[in-house]
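One structure is given here, and the rest of the page talks about it.
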Amino acid sequence: MAAHYESKHGVVALPQEQLYMSFTDLRMLVQNVPAEYRDSVEADYDTIKATVKGFTIAVKVVERSPYSLIRIEDDDAPFHFSVSLHFEREGSGTDFSITVDADLNLMMKAMLGGKIKDGLDKIVDGLVAVSNGKRPEFPGDI
């Protein structure tokens, strides 16, 4: 069963090209992983793989449209999903948002649906906060 989730939009205080480039090479994302989890993450330019609580998930970049879109898909996950990062010029910053499409069964959709949307919004809020020199607030787990 296909499920579609859209994050809120947030204006990141970075030029569109700069924000886009910070997500282009997945190896750069590893430096933002908390130190205690960094050993469980492997990445190259196109793929990133992480193991958390015995569960391994890997993703790969399947599309890059400079400077507006990066689309990532699962790499042999138990269910298919794709994540699209959207970048649009907004004054001197960038309107940033995320969409997720996932093939979830009814039970998984009921259990995870709200958490996925909340997690996406927290990522956008955190990125906006960091770009404005603030510490992001993440109450609870993402």
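The values are calculated or read from the model by the stated rules, or taken from the named source; none is laboratory data. Owing to the predicted nature of the structure, the values given are computational and were not obtained by experimental measurement. Every residue, glycine as well, gets a Cβ built from its backbone with ideal geometry; the counts of neighbours run over all protein chains shown. All accessible areas refer to the heavy atoms of the entire protein, side chains included, with ligands and DNA or RNA removed. Shrake-Rupley method; radii C 1.70, N 1.55, O 1.52, S 1.80 Å.
Any idea which residue in the range 70-85 is nearest to Leu127 (Cα to Cα), counting only those that are open to solvent by 50 Å² or more (accessible area, probe 1.4 Å) and free of Cβ contacts under 8 Å to residues at least 24 places away in the same chain?
In this case the residue turns out to be Arg71.
Scan the range 113-120 and give yes if some residue there is at pLDDT 90 or above, under 20 Å from Asp25 (Cα atoms) and not aliphatic (A, V, I, L, M), otherwise no.
no
I'd like the residue in the range 19-39 that is free of Cβ contacts under 8 Å to residues at least 12 places away in the same chain and among the acidic types (Asp, Glu) and, out of all such residues, is surrounded by the most Cβ atoms within 10 Å (Cβ to Cβ).
Asp39
Which one is most open to solvent (accessible area, probe 1.4 Å), of the residues in the range 40-69 that are of a type outside the set (Gly, Ala, Ser) and more than 30 Å from Gly93 (Cβ to Cβ)?
My answer is Lys53.
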